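Take a look at the structure below.
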Amino acid sequence: MGISINIATQLARIAPLLSECRNGVMLGRQKMHFNPRGWTPRLIGNLDRLGINATPENIFQPDGFCETYLETIGWPKLESLDFTDAEGAEYIHDLSLPLGDDLKCRFDLVYDGGTTEHVFDIAQSFRNVDQLLAENGIFVSCVGSDGWFGHGFYQIGPDIPWRYWVASMGYKMLGCWTFDRAGREPPRVIEDPTSRSRGGEHRYQNPQFIFYVVQKQARAGDPLPVVQSHYV
């Protein structure tokens, strides 16, 4: 799990959406993955164009994790939740199991930077995200979508953000995009695939992330059944 050049830029782009969030938790403690030469000055340039003054010193921290970077781009303070304490997570919980009451409705923001795809019971991990969030809380997810064969148990498409989070769980969509791992193409906006021929199918040339931001809304009653866009 980690933050590479295009993820780092997208996290900065959506930071204004998080202005009301006072606290948050990341699923798995994220590291900054910036080994390729040239990525650091490229990121600093990207941030400058977004009006963010950054230097290597306020991007990177000695232990390699990402809290310094997130603070620099205007995110709230994030703690971490993991299934072990090996990387210093404040909360220990296996996302394939239901949450305890101590973690429910606790956070304004949950960030999944590539954890849920590694949880075999991914549906339970999504239910846990919903329970972690306070009302009006925001879920930010960036996971492999296409071209990541063998990376995790799953690669997801547009039906997870649109048909699960929005149509079933009643969340508000704040934005959904795909983008290349390291290329310079701008993010591709992903619209609601419901009722479209072949749903949201699209063929990419290079490995892609899907990045989406959804906001929890007051919900009366149980979630609606989840139906893929092909079959609506």
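The values are calculated or read from the model by the stated rules, or taken from the named source; none is laboratory data. Small disclaimer: the values here were computed from a predicted structure and weren't measured. Cβ placement follows ideal geometry from the backbone for every residue including glycine, while neighbour counts extend to all protein chains displayed. We work out accessible area using only protein heavy atoms, side chains counted, and drop any ligands, DNA or RNA first. Shrake-Rupley method; radii C 1.70, N 1.55, O 1.52, S 1.80 Å.
Structure values in brief
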quantity	calculated
Unmet requirement for D108, which otherwise passes all of (1) free of Cβ contacts under 8 Å to residues at least 24 places away in the same chain; (2) within 15 Å of K216 (Cβ to Cβ)	(1)
Test: residue in the range 170-180 that is at pLDDT 95 or above, part of a loop (DSSP other than H, G, I, E, B) and at negative phi	yes
Residue within the range 189-206 that is modelled with pLDDT of 95 or more and either outside any loop (DSSP other than H, G, I, E, B) or touching a Leu at 6+ places or on another chain (Cβ under 9 Å) (or both) present	yes
Residues located in the range 63-83, provided they are assigned to a helix (DSSP H, G or I) and open to solvent by less than 30 Å² (accessible area, probe 1.4 Å)	Y69, L70
Any hit, the range 10-33, residues being hydroxyl-bearing (S, T, Y) and open to solvent by less than 30 Å² (accessible area, probe 1.4 Å)	no
Some residue of the range 84-97 being more than 19 Å from S4 (Cβ to Cβ) and crowded, with 21+ Cβ neighbours inside 10 Å	yes
Options D112, D121, D108: the member that is at pLDDT 95 or above, surrounded by fewer than 16 Cβ atoms within 10 Å (Cβ to Cβ) and among the charged types (D, E, K, R)	D121
Hits in the range 1-37 (condition: charged (D, E, K, R) and in contact (Cβ under 8 Å) with a residue 24 or more places away in the chain)	R13, E20, R22, R29, K31
Some residue of the range 217-232 being among the aromatic types (F, W, Y) and open to solvent by less than 50 Å² (accessible area, probe 1.4 Å)	no
Some residue of the range 177-192 being open to solvent by 30 Å² or more (accessible area, probe 1.4 Å) and among the polar types (S, T, N, Q)	no
Unique match (being among the β-branched types (V, I, T), part of a loop (DSSP other than H, G, I, E, B) and surrounded by 14 or more Cβ atoms within 10 Å (Cβ to Cβ)) among I52, I44, I7	I52
Filter result for A167 (of a type in the set (A, V, I, L, M), over 30 Å from I92 (Cα atoms) and open to solvent by less than 40 Å² (accessible area, probe 1.4 Å))	yes
The range 211-231 residues that are more than 17 Å from Q155 (Cβ to Cβ) and in a loop (DSSP other than H, G, I, E, B), paired with ones that are open to solvent by 90 Å² or more (accessible area, probe 1.4 Å) and not basic (K, R) (beta carbon under 9 Å, 6 or more apart)	K216/E135; Q217/E135; A218/E135
Any pair with Cβ under 6 angstrom, 6 or more apart, that starts in the range 63-88 at a residue that is farther than 17 Å from F34 by Cβ and ends at one that is among the β-branched types (V, I, T) and surrounded by 15 or more Cβ atoms within 10 Å (Cβ to Cβ)	E79/V25; L81/V25
Members of the range 142-162 found to be in contact with a helix residue (DSSP H, G or I) (Cβ under 7 Å, 6 or more places away or on another chain), of a type outside the set (V, I, T) and in a strand (DSSP E or B), listed by number	C142, G144
Residues being assigned to a helix (DSSP H, G or I) and at pLDDT below 95 - total across the range 16-40	2
Residue within the range 141-151 that is over 14 Å from the mean Cα position of the chain (by Cα), loosely packed, with under 14 Cβ neighbours inside 10 Å and farther than 26 Å from S96 by Cβ present	no
